[in-house]
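All remarks here apply to the structure that follows.
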Amino acid sequence: MQLIERDRELATLRALFSGSLDGRGAVVLLSGAVATGKTALMRSFATGASAAGARFLQVTAAPGDAGNRLGVVRGLLRSLAAADGDPDPAGTGSRPGTGHRARAGAGAETTADALRGFCDTLLTRSARTPLIIGVDDAHHADPASLRCLLALAHRLPSARILLILTERPGGWPDHPLLHAELRGRPHCARLTLRLLSPAGQARLLADRLGTATAIRLSAVSHPLTGGNPLLVRALLTDHPVLGPGKVETVVGPAFTQAWTGCLHRGEPGLHEVAQALAVLREPAPPGVLGRLLGLDTEYVTHLLATMNAAGLLDGGRFRHPALRTALLDAMGPRRRAALHAHAARLLHDQGHSAPAVAGHLLAAFDAAPAEDLPDVLQEPWAATVLHEAAGRAGADGERRFALDCYRRAYEICPDGPRRTLAASALAEAQWRTEPAAVLPLLPALAEAALDGALDERPTRSLLARLLWFGRTGEAAELLRTGGSPGGPAAAEWEAMGLLMACACPGLLEAVPRARPEAGPDPDPAAPSAPAGPAGGGAHPPSAGPRLRAADALSAALTGAPGPTAREGAERVLRETRLGEASAGHVLAALAALIYDDRPAEAARWCDPLLKEAATRGDAVGHALLESARAVISLRQGELAAAEARATDALARISPASWGVAVGIPLSVAVLAATATGRHEEAAAHLARPVPDALFETPCGPHYLQARGRHRLATGRPREALRDFTDCGEAMESWGFTAPALVPWRGEAAQALLELGETARAAELIGEQLALLRPGPSRTRGISLRVQALTAPLAERLNPLRESAALLERCGDRYELMLALTDLSHTQHALGAHDEAFVSARGAHRIARRYGLAGPGPAPGGEPERRPPAAGTPGTAPERSPATARGELTEAERKVAALAAHGHTNRQIAETLLVTVGTVEQHLTRVYRKLQVNRRTELRPRLRISPV
């Protein structure tokens, strides 16, 4: 083995050996930290001396040899006998010349005989051949052997013997007098091996890696090894084969095994202190380590110094995280749990912070078998510390740690008020990451709240959780019993109730009203507050943000006159910072802007909130904001973005955790897929189970609208009409008359057009227009387009132009594209071909720019300068005899008309925003109903003139 930076020590040994050849023997105390190469140096030197005619005798003392009387002496004599070819190396036979060995061996009766026999034997043998006697770890030798070695040392000045004793740094605690006497001999030399320098380590690495790579690697590897030769070689074992110029260090199994091996080879207690450091996440004062292990502080100080000197630690710290991991993994679960539990109690008694103590409590829980928890974990202070640590962690954004603390605190709390408090805190923490985990806690918490065992704030939070999972009966009962009139929290309780009533209108009757301050009786002739959950603008401007958000949302849903919804919502968003307590009314304010038909303003507020939510780690809040943004994108005609956001929202929390709110992102995904003709994907979304309670909330109309559009697009207009009318019945029963929530009348009108009921469709769309507030809006633009389809061809131009102008102003690209397409078809039908070309080109431009499935392709990528096919989206052509009898549905008529004009199936699919498969299905039914076999036969059957 190559020796690095050991030239001075080798030279000293050679000089001493040279003197021993002249009868001037010596003792060498070779000291050095564990694994610094003491044995390797001694053997390397002895190999060279043996070539010069010396005999090398070696024995190693083990930690358990203290009780093995004369064990080292017997080992040396066996080594000598073996070198001489003695068939009886133990010295127990009667062969001539072995009497001294017999008296010094196993049969020796007195130490004096052993001393005399041992020394005489070696001195006699050295007269013929110089001897090098090496005793590894001499500090572990038994006392009798040490006295023999000391006696031999006294006689070395006139002998040809070099005695080398390797020892640990710091002397021999078990034999201090013997060690002192040896060191006091004039012919005793002391050598101390140091750790390798970075340059020395580079020399050791160079043998395998080459000089250039070794120099580069040593700069990053020296901090890992501290210069310990054994660790350097272990690092080489783990080191990968590198290409030219690459520098990499790998701490693998060889390194960690060598490091832990050094602990076991060193002094007793090294391994235990290292384990304690691993548990305490190092570094730790010796006093703390000593109390944790039950060791003397002075001794722990010595052990830490030993590990630092050996390069095993760096200032009391592990040199690599893998070393701590290896120690923890090697510990049995009970040992690890006990150390962590003991550390928790120790730190708690010393006044350390709750998070520091809780970390050890959690580690003890994780390590211990469930049936064998340490007693410390059952003590009352443990739950208190866990609860406090969870609160601090939640405030600092460490949600996972907080959740673990709350969960363990709940597990160890006995039944009673403390357990109720722990359950409430756990539910709040679980809600932020996995709402479904709250479900098992809800019944007990609801019972506790009804019994008055919960404070106001957790009770209000519980109310929101109950509604989320559709437990409206428990929520209503809780609302009736909570917030006593005139109490300090009555206004907040009323605000929470009114906000919940917007989310579940059936709760309105259960909402407690705060007792008004004393004053004159209200004027019975004064106008009443607008209908709806929150009474529109019934509350003063000084009301809190939750109540203002409820007022704004109610105004948007009920269509209350004036700027209440927008101004109230923007004030809430402007004055409220996103947080756990404010998430509900922030989302309500956003919803108010959306349902007040202001998607652009809603997007302006929602985008920064989304960025903030991404940094908070609140999975539920982020999912809800992403869902709201998906609705906004859909209402701005950005179908791809809307679908992507809805999909992202659905993926942020598990399906079981969505509760009734799942209706919002699902509806967006279905609407986007349907609008782009991907009906199979829309059907897959609709196949996802939804809770029945969803239809008791505004999420229900969203879902019904999406399902109705899917059914309409796939040739089921009567089923679609039923969805739209169900949506309308629910909204009217709640007093939600504003069409911007879901314009169900316009949706139903389109289904009626498919069924040929034009008069009823015109009546419904007229009602919808009458309900809209004055002024431009997206919903007005969509409604005008649908109204135009119910009118005779000659009366469609003006409403379609107005529709396109409004939709362009309001920023809904998809609906604008549809309006321009219908306008183009109408202009062609009326003979205004140039104007039709301009309108169609505008529709194509929008489709290309925003990636929408626009009108069918034309030669050269531009709209065709000829009349569009009758029956394309929104044209509602005059009835032919065949269709007047109801033989074809509206969807089939559109496909048939386009096919009659010579469009391919793919062109028809792109024009109608459906799949090619859907076109083929419609054509098959058209051929069967009209009893034709080819496209050329469609024109006369539909009475379409050639272009």
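The values are calculated or read from the model by the stated rules, or taken from the named source; none is laboratory data. Because the structure is predicted, anything quoted here is derived from the model rather than measured. Glycine gets a Cβ as well: all are built from the backbone with ideal geometry, and neighbour counts include every protein chain shown.
For residues that are of a type in the set (Asp, Glu) and surrounded by fewer than 22 Cβ atoms within 10 Å (Cβ to Cβ), scanning just the stretch 605-640, find the one that is modelled with the lowest pLDDT. Can you show your working first?
Pass one, the stretch 605-640, residues of a type in the set (Asp, Glu): 607, 612, 618, 626, 638.
The next check asks that each one be surrounded by fewer than 22 Cβ atoms within 10 Å (Cβ to Cβ); those that pass are 607, 612.
Details: ASP607: 93, GLU612: 88.
My answer is GLU612.
For a quick check of your reading of the model, give me the residue pairs whose first member lies in the stretch 753-770 and is free of Cβ contacts under 8 Å to residues at least 60 places away in the same chain, whose second is in a loop (DSSP other than H, G, I, E, B), with beta-carbon atoms closer than 9 Å and at least 6 apart or on different chains.
ALA761/LEU755; ALA762/ALA791; GLN768/PRO739; GLN768/PRO743; LEU769/PRO739
Before we move on, is THR325 β-branched (Val, Ile, Thr) and within 32 Å of the chain's Cα centre (by Cα)?
Yes; evaluated as a whole, the condition is true for this residue.
Look at the stretch 29-47 and say how many of its residues are under 18 Å from ALA234 (Cβ atoms) and over 51 Å from the mean Cα position of the chain (by Cα). It would help to see each step written out before you state the result.
To start, the set of residues in the stretch 29-47 that are under 18 Å from ALA234 (Cβ atoms) comprises 32-40.
Going one step further and asking which of them are over 51 Å from the mean Cα position of the chain (by Cα), we end up with none.
Residues in the stretch 29-47 being under 18 Å from ALA234 (Cβ atoms) and over 51 Å from the mean Cα position of the chain (by Cα): 0 in total.
I'd like the residue in the stretch 184-222 that is loosely packed, with under 13 Cβ neighbours inside 10 Å and within 30 Å of LEU163 (Cβ to Cβ) and, out of all such residues, is farthest from the chain's Cα centre (by Cα).
Filtering first and then ranking leaves PRO186.
Of all the residues that make up the stretch 586-602, how many are of a type outside the set (Ser, Thr, Tyr), surrounded by 21 or more Cβ atoms within 10 Å (Cβ to Cβ), part of a helix (DSSP H, G or I) and over 27 Å from the mean Cα position of the chain (by Cα)?
9
Name the single residue that is surrounded by the fewest Cβ atoms within 10 Å (Cβ to Cβ) among those in the stretch 328-376 being under 23 Å from PRO285 (Cα atoms) and among the charged types (D, E, K, R).
That would be ASP349.
Starting from residues that are of a type in the set (D, E, K, R) and more than 35 Å from the chain's Cα centre (by Cα), keep the ones in the stretch 449-497 and report whichever is modelled with the lowest pLDDT.
GLU494
Applying the selection to the stretch 771-801, what residues are free of Cβ contacts under 8 Å to residues at least 12 places away in the same chain and part of a helix (DSSP H, G or I)?
GLU795, ASN798
Which numbered condition trips up ALA804, out of (1) among the hydrophobic types (A, V, I, L, M, F, W, C); (2) assigned to a helix (DSSP H, G or I); (3) in contact (Cβ under 8 Å) with a residue 60 or more places away in the chain?
That leaves (3) as the condition not met.
Can you give me the number of residues within the stretch 904-931 that are part of a loop (DSSP other than H, G, I, E, B) and modelled with pLDDT of 80 or more? Don't jump to the end; show me each part of the working.
The initial filter retains those residues of the stretch 904-931 that are part of a loop (DSSP other than H, G, I, E, B), namely 904, 913-915, 931.
Now restrict to residues that are modelled with pLDDT of 80 or more: 904.
Selection size over the stretch 904-931: 1.
Of the residues GLY117, GLY67, GLY75, which single one is more than 60 Å from the chain's Cα centre (by Cα), of a type in the set (Gly, Ala, Ser) and at pLDDT below 90?
GLY117
Pick out the one residue from GLU763, GLU732 that is modelled with pLDDT of 95 or more, over 19 Å from VAL668 (Cα atoms) and surrounded by fewer than 18 Cβ atoms within 10 Å (Cβ to Cβ).
None of the others qualify; the one that does is GLU763.
Tell me, which helices (runs of 4 or more DSSP H) wholly within the stretch 656-756 include 3 or more residues that are more than 16 Å from ALA591 (Cβ to Cβ) and more than 37 Å from the chain's Cα centre (by Cα)? Outline the logic, then answer.
Details: elements: 663-675, 679-686, 699-713, 717-734, 744-754.
Helices (runs of 4 or more DSSP H) meeting the threshold: 699-713, 717-734, 744-754.
Here is a yes/no grid of residues against (1) assigned to a helix (DSSP H, G or I); (2) surrounded by fewer than 21 Cβ atoms within 10 Å (Cβ to Cβ); (3) touching a residue at least 12 places away in the same chain (Cβ under 8 Å):
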| site | (1), (2), (3) |
| --- | --- |
| GLN257 | yes, yes, yes |
| PRO283 | no, yes, yes |
| LEU292 | yes, no, yes |
| VAL300 | yes, no, yes |
| LEU303 | yes, no, yes |
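Please list, ordered by residue number, the helices (runs of 4 or more DSSP H) wholly in the stretch 328-440 having 2 or more residues that are under 28 Å from ALA661 (Cβ atoms), free of Cβ contacts under 8 Å to residues at least 60 places away in the same chain and over 22 Å from the mean Cα position of the chain (by Cα).
417-433
Looking at this structure, is ALA804 modelled with pLDDT of 90 or more, crowded, with 24+ Cβ neighbours inside 10 Å and either out of contact with any Phe, Trp or Tyr (no Cβ under 9 Å at 6 or more places or on another chain) or among the aliphatic types (A, V, I, L, M) (or both)?
In short, yes.
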